[in-house]
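Enquirer: The structure is given below, and queries will be raised subsequently.
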Amino acid sequence: MTQQLDLRRLPAVGSFLRRLSADRPARAVYVALALLIVVGWLLFALDGGRFLSQENIVGIQQRSAALGIVAVGQTLVILAGSLDLSVAYLISLTTLVAAETMGGADAGVPVAVAAVLAVSATAGLVNGLIVTRLRVHAFIATLGVALVIRGVLDDRYDGPAGSVPESFQHLGYDRVGPLPVSALLWAAVAASAWFLLSRTRLGCRIYAVGGDAEVARLSGVRGERVVVAAHVLCSLCAGIAGLLLASRLGAGAPTVGTDGGYDLESIAAVVIGGTALAGGRGGVAGTVGGVLLLAVLDSIFNQLEVDSFAKDVVRGVVLVAALAIHARRRTA
Amino acid sequence: MRRALPILVVLAGLLAVIAVAQPNFLAPAALLAFVKRAAPLVILAAGQYFVIVSGEYDLSVGSLVTAEVVVAARLLDGSAEATWPVLALLVVLGLLVGLVNGVVTTLLRVPSFISTLGMLLILSGAIFLWTGGAPRGALPPQFRELGRGSLGPVPWSVLVLVAVAAGAICAMRAGFGHTLIAAGDNDRAAALSGVHVARVRTVAFMVSGLSAAVAAILLGGFAGVSAQVGQGLEFQAITAVVLGGVALGGGRGSVVAAMAGAFTLEALFTLLNLYGVSGALEPAVQGVIIIAAVALGGMSLPRGRAAAAS
């Protein structure tokens, strides 16, 4: 009996140590984030604005909440050695499911939330099963699922549909003190993911499978289940982001996910956060830093009124530069 | 050739199904029209193959195609005099973008998923910044001749495709192809046996950029100027390559199979059109078929590590 207890405790300790060492790349993001904040503060000062004004900070939190939630989910699949390109279309779909189920009535909110979570969990399950059972590379599998969802969206919706009751819109716009509810939601999702990865057996297995699937299998981990679970969790995060966006827009929109570029941008945020694309190394803390980095960058662009197309160019350069610096540190 | 067999069987099957629905499809004229339509994607897939087999991705080709077409239209603006210099410029631009992708990926050690994604953002942002949202200018008929016209009964684009295919096959048979596959299979082992992995991969990215330039020249002629001309082409090209049984992650698969994969994808689009799947549902059907095709391909081909794990 005691022996069994010991066995159960060991992985938890291992995962804690591993997390400590694995999360080290996250430090670089926060250094970069701090530098960027200083630069932003200077630029704002030159431009006659205040970077650390409450308005601006709340703006940054609100802008980053949806991407942040998706990116936390994306972290889980990437750590497990997979990838999810279907989140953008899934977000669009879930905003529509939410808004149509609610239909503007308060009574519909619980049902709608349940429906959204069910739809996104199903999508994640499909992704996971295609990747593990049919052995299709995650890149192609989730791209295919994205196409399927896009077909459904194109076929059924021409524009915004459904409506969200006012009570539900509190989620998108209200604040508790200086903190927007959406940012609290993001923090809650990130904290649960951190807990999952560092304190539970599933989290430990996600690192194990992502690090080396074959070694994990030989140590008795059922890798397929872990990957499926990661995909389901990732899609659930996309569903939560969809709920948040629906409450902001007041309706469901078939293009909200792709317009936001949530698929590629969430992957970018994860990788900026120091998580290895190949899986097994990294963590949620880095991802949060990565998302904040992108959001601060965005707020600087807004203050300086940079052309929105030029924004893309600069964002691309920053993305590549950030990772180039990462790579330098790793080899040095 | 042996490795290309499964996808060739699938392609033949699809063509047969199309021919049943539309009996004159296998007539030379209709078949040439099909090949002409497929040529840009096949060329892109051939370029993407070089990058994938070396163990990387190139996500920038779609926006590169758009950039090339928009640049050509803006520079030429309907006049024919500068056609040849501009064609040369487009080729140089494609090679240059590939060079940057390759150098950033190999020397700066940025994962190619991110470096080419960054290039995608930079290119698409730069195009819109330059044109202010809507592409201006026009392509003169002389430029469009390559995409639309034909030499006798054979369209120019088919001739270009044949040349590209021959070049790609020769390159893969030569020493370059062997080192490329070695680098993709196990870059450390390749480096230890004297392969300049960084250089070989950079060349692969440049080949991909070149293929995007050629595809853009054909597409510009075929479809004209628009800001959407290259949209989604990077995913189509990668899908085509994987459909041909080439392993993402590198080291396995043949260029013939990759090109056959692109033909198969185009045949699939043709078939969906023919059976009148509504435009809106088309992506859904396409998604299901792509997953099914890749899953089936994975089952009949040797799976290496994946097989050992089961």
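The values are calculated or read from the model by the stated rules, or taken from the named source; none is laboratory data. If you're wondering where the values come from, they're calculated on a predicted model, not measured in any experiment. Because the Cβ atoms are built from the backbone with ideal geometry, glycine has one as well, and the counts that use them run over all protein chains shown. Side chains included, ligands, DNA and RNA excluded: accessible areas come from the protein's heavy atoms. Shrake-Rupley method; radii C 1.70, N 1.55, O 1.52, S 1.80 Å.
Enquirer: To the nearest 100 Å², how much accessible surface do chains A and B cover up together, summed over both, with a 1.4 Å probe?
Expert: 3500 Å²
Enquirer: For the range B:110-116, in order, what is each residue's ³J(HN,Hα) by Karplus, 6.51 cos²θ - 1.76 cosθ + 1.60 with θ = phi - 60°, in whole Hz (x at glycine and Pro)?
Expert: With coefficients 6.51, -1.76 and 1.60, one gets 7, x, 5, 4, 7, 5, 7 Hz.
Enquirer: Find the relative contact order for the range A:45-114 and round it to a whole percent, using C-alpha pairs within less than 8 Å whose residues are 6+ positions apart.
Expert: It comes to 14 percent, rounded to a whole number.
Enquirer: Still on this structure, please answer the following. Calculate the mean, over all residues of peptide B:124-131, of how many other protein chain Cβ atoms lie within 10 angstrom of the residue's Cβ. Before the final figure, lay out the partial values.
Expert: Working: counts 4, 11, 5, 3, 6, 7, 1, 1.
The mean count of partner-chain Cβ atoms within 10 Å per residue comes to 5.
Enquirer: Now, a different point. Quick one: pull the percent of accessible area on the range B:34-260 belonging to carbon and sulfur, 1.4 Å probe, ligands and nucleic acids left out.
Expert: 65 percent
Enquirer: Follow-up. Points 7 angstrom from Cα along the Cβ direction at A:V215 and A:T200: gap in nanometres?
Expert: 2.4 nm
Enquirer: Cut-off 10 angstrom, C-alpha nodes, Gaussian network model of chain B. Which of B:V207, B:V246, B:V104 fluctuates the most?
Expert: Its mean-square fluctuation being the largest, the pick is B:V104.
Enquirer: Still on this structure, please answer the following. Could you sort A:C234, A:C204 by their accessible area in this structure, using a 1.4 Å probe and putting the largest first?
Expert: Descending order: A:C204, A:C234.
Enquirer: How high is the relative contact order of chain A, given as a whole-number percent (alpha carbon pairs under 8 Å, six or more residues apart)? Spell out each step's value before the answer.
Expert: Working: 560 pairs, mean separation 117.7, N = 332.
Relative contact order for chain A comes out at 35 percent.
Enquirer: Let me ask another. Which residue, A:I206, A:I78, A:I149, tops the fluctuation ranking in a GNM of chain A built on C-alpha contacts under 10 Å?
Expert: So, out of A:I206, A:I78, A:I149, the one fluctuating most is A:I149.
Enquirer: Also, I was wondering about something else. Please give the solvent-accessible surface of B:R37 in Å², to the nearest 10, using a probe radius of 1.4 Å with every protein chain present.
Expert: In the full protein context, B:R37 sits at about 90 Å².
Enquirer: Over the whole of B:248-255, what's the average partner chain Cβ count within 10 Å per residue? Rounded to a whole number, please. Please list the in-between numbers first.
Expert: Details: counts 4, 3, 0, 0, 0, 0, 0, 0.
For peptide B:248-255, the averaged partner shielding equals 1.
Enquirer: Tell me which residues come under 5 Å, amide H to amide H, from B:S150 once H is placed; ignore anything under 5 positions away on its chain.
Expert: Those lying under 5 Å, H to H, from B:S150 are B:W156.
Enquirer: Please turn the phi angles of the range B:216-233 into ³J(HN,Hα) values with the Karplus equation 6.51 cos²θ - 1.76 cosθ + 1.60 (θ = phi - 60°), one per residue in order, whole Hz, x for glycine and proline.
Expert: My calculation for the range B:216-233 gives 5, 4, 5, 5, x, x, 6, 10, x, 8, 7, 7, 9, 4, x, 4, x, 5 Hz in order.
Enquirer: Given the peptides B:57-70, A:100-113, B:78-91, arrange them by the average over their residues of other C-beta atoms within 10 Å, most packed first.
Expert: The most tightly packed comes first, giving B:57-70, A:100-113, B:78-91.
Enquirer: Under 18 Å from the 7 Å Cα→Cβ point of A:A118, by amide nitrogen: which residues of the range A:155-180?
Expert: none
Enquirer: Normalized C-alpha radius of gyration of the range B:34-260, against 2.2 N^0.38 Å?
Expert: Here the answer is 0.98, to two decimals.
Enquirer: Compute the label zone of A:V58 within the range A:170-198: residues whose backbone N is under 16 Å from the point 7 Å along Cα-to-Cβ.
Expert: Those under the cut-off are A:170-185.
Enquirer: Can you compute the modelled spin-label distance between B:S150 and A:R156, with each label point 7 Å from Cα toward Cβ, in nm?
Expert: Each label point lies 7 Å from its Cα, and together they span 4.4 nm.
Enquirer: Run the numbers on chain B and let me know its relative contact order in percent, using alpha-carbon pairs under 8 Å that are six or more apart. Mind showing how you got there, number by number?
Expert: Values: 496 pairs, mean separation 110.0, N = 310.
After rounding, I find 35 percent.
Enquirer: In addition: Collect residues whose amide H, placed 1.01 Å from N in the peptide plane, falls under 5 Å from the amide H of A:R175; neighbours closer than 5 in sequence don't count.
Expert: Amide H neighbours of A:R175: A:V181.
Enquirer: What whole-number value in Å² describes the accessible area per residue of chain B for a 1.4 Å probe? Please report the intermediate quantities before stating the final value.
Expert: Values: 12610 Å² over 310 residues.
Roughly 41 Å² per residue, with all protein chains present.
Enquirer: A follow-up question, please. Would you please calculate the Kirkwood hydrodynamic radius of the protein assembly as shown over all C-alpha pairs and express it in Å, rounded to one decimal?
Expert: 25.7 Å
Enquirer: I'd like the accessible area for B:D77, computed on protein heavy atoms only with a 1.4 Å probe and all protein chains in place. Round to 10 Å², please.
Expert: 100 Å²
Enquirer: Could you check which residue among A:A216, A:A146, A:A71 shows the biggest mean-square fluctuation in a GNM of chain A with a 10 Å Cα cutoff?
Expert: A:A216
Enquirer: What is the spin-label model distance, in nm, from A:D174 to A:R133 if the labels are put 7 Å beyond Cα along the C-beta direction?
Expert: Here the answer is 4.1 nm between the modelled labels.
Enquirer: Using the Karplus curve 6.51 cos²θ - 1.76 cosθ + 1.60 with θ = phi - 60°, work out ³J(HN,Hα) for each residue of the range B:24-31 in order, rounded to whole Hz, and write x for Gly and Pro.
Expert: After applying 6.51 cos²θ - 1.76 cosθ + 1.60, I find 7, 5, 8, 5, x, 5, 5, 5 Hz.
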